[in-house]
Amino acid sequence: MNLDVLTAISPIDGRYRNKTEQLAGYFSEYALIRYRIRVEIEYFITLCELPLPQLESFDHQLFEPLRDIYRSFSEADAARVKEIEQVTNHDVKAVEYFIKEKINAIGGFPASAKEFIHFGLTSQDINNTSVPLSIKEALDEVYYPMVEELIEQLNDYAEQWKNIPMLAKTHGQPASPTRLGKEVMVYVYRLEEQLRALKDTPITAKFGGATGNYNAHHVAYPQYDWREFGNAFVSEKLGLEREQWTTQISNYDWLGAIFDAMRRINTIIIDLDRDFWMYISMEYFKQKIKAGEVGSSAMPHKVNPIDFENSEGNLGIANAILQFLAQKLPVSRLQRDLTDSTVLRNVGVPMGHALIALQSTLKGLRKLILNEEKLHEDLENTWAVVAEAIQTILRREAYPNPYEALKALTRTNERMTEQTIRAFIEGLEVSEDVKQELRAITPWTYTGQ
């Protein structure tokens with residue numbers, strides 16, 4: 001079978017391709033090759049700008065044609081790199097040879113200058129800059145905007161529903177009333193806090209030669225401070241932070257922190273999905289019905305909260321992979337082993353599942369129809385929740401054993417009604433002013449600040 005959306009093994013590239021396709025520009029094999037070429041070319045340009053003695057006379061007008069190699073990088077170009085790799089059996093070396101081919105086609109390059117492509121580097125100097133750069137740009141251009149869109153939608157609902165009283169449930173049991181908008185605002189706050197923490201987490205890169213000491217650079221040009229060169233290159237040309245002490249590979253500690261931060265955001269969204277799933281089951285929300293859709297193959301009446309379920313499932317997969325990445329990548333044998341290399345090729349997978357989930361959660365939220373009648377009904381049926389308010393005021397008034405008095409009234413299997421509460425208030429030995437204050441408390445008004 002030929003590869004397409006119907007024959008793909010992963011649903012990211014199959015069933016959900018239309019939801020994740022934009023990630024191909026960051027995490028596909030094509031994208032990895034393009035990022036590698038970008039790093040190689042920007043590194044060569046930085047050597048020219050230093051300048052190394054052999055590159056002092058290099059025509060800087062050739063910088064833009066050089067950059068066009070990765071700017072206009074095509075799928076045909078990627079296929080050519082893979083052809084070269086069939087001979088070299090080494091993916092990064094194939095990139096080096098491809099760039100040299102392109103340089104020959106551009107013309108105007110001294111033969112000696114070409115040998116400064118990949119000068120003094122090991123493959124991981126390219127991989128451990130390319131992958132963090134792809135992650136950074138995918139976060140900036142795809143993931144952050146999607147999370148921010150979710151936050152904005154929740155913020156809109158929090159504002160719309162800020163005055164809607166709602167029965168709270170703690171331990172699944174009726175608790176002091178709250179407001180629907182406030183409960184949504186909890187998620188806005190949590191997501192904003194964790195998104196800020198994620199954005200504040202450094203995205204770092206390894207760039208230091210075969211074992212992290214700039215051995216080859218230093219032996220060829222001992223007069224340069226290669227550490228400072230690397231710091232400037234990684235920061236100014238790639239927008240990353242260089243790890244100062246490494247083996248042949250990245251320490252991956254900060255990349256692990258990125259994955260942990262993403263996992264926290266995903267966990268908050270799982271919590272949100274489950275709450276809204278529950279609110280729908282409690283009939284606090286109805287869902288918009290789309291003509292032609294089927295909720296169940298057997299039960300014609302059903303309109304299922306499938307978007308929240310889809311989101312929860314995909315976030316679970318994402319978190320499992322993110323946790324594995326965060327735990328595995330910082331561990332390597334001595335100066336390196338190859339386990340990180342194959343693992344790194346999967347960093348786009350959890351982001352793909354997260355992207356599917358975010359779109360599903362948004363779809364679910366945008367199908368909601370508030371059922372105020374049901375929220376009102378639940379409050380009407382649960383007058384016992386004003387007991388906390390009454391006993392608190394009685395405490396203020398130094399009334400004897402107020403908690404115990406309300407406990408005796410409400411902790412029964414009999415349903416508390418407005419009349420039950422009113423009768424209790426009338427029997428209290430307190431002033432009329434206090435009684436009037438207590439009469440004003442209802443399940444709809446006792447919602448806090």
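Candidates are the residues of the range 141-191 that are acidic (Asp, Glu) and open to solvent by 70 Å² or more (accessible area, probe 1.4 Å); the one that is nearest to the chain's Cα centre (by Cα) is 148. Could you tell me whether any residue of the range 231-248 is in contact with a Lys or Arg (Cβ under 8 Å, 6 or more places away or on another chain), within 30 Å of residue 169 (Cβ to Cβ) and either open to solvent by less than 20 Å² (accessible area, probe 1.4 Å) or not in a helix (DSSP H, G or I) (or both)? No; the residues of the range 231-248 include none that is in contact with a Lys or Arg (Cβ under 8 Å, 6 or more places away or on another chain), within 30 Å of residue 169 (Cβ to Cβ) and either open to solvent by less than 20 Å² (accessible area, probe 1.4 Å) or not in a helix (DSSP H, G or I) (or both). Of the helices (runs of 4 or more DSSP H) lying entirely inside the range 338-449, the ones with 1 or more residues being within 26 Å of residue 263 (Cα to Cα) are found at 339-344, 348-366. Within the range 34-55, being within 33 Å of the chain's Cα centre (by Cα) and not in a helix (DSSP H, G or I) holds for no residue. Take the range 106-134 and flag every residue that is surrounded by fewer than 17 Cβ atoms within 10 Å (Cβ to Cβ) and hydroxyl-bearing (Ser, Thr, Tyr). Result: 112, single match. If you go through the range 324-337 and pick out every residue that is under 27 Å from residue 33 (Cβ atoms), in a helix (DSSP H, G or I) and touching a residue at least 60 places away in the same chain (Cβ under 8 Å), you end up with 2. The helices (runs of 4 or more DSSP H) located wholly in the range 56-116 that include 2 or more residues which are among the β-branched types (Val, Ile, Thr) occupy 75-88, 91-106.
The values are calculated or read from the model by the stated rules, or taken from the named source; none is laboratory data. Bear in mind that the values here come from a model prediction, so they are computed numbers and not experimental data. We place every Cβ from the backbone using ideal geometry, glycine too, and count neighbours over all the protein chains shown. The area values use the complete protein model at the heavy-atom level, side chains included, leaving out ligands, DNA and RNA. Shrake-Rupley method; radii C 1.70, N 1.55, O 1.52, S 1.80 Å.
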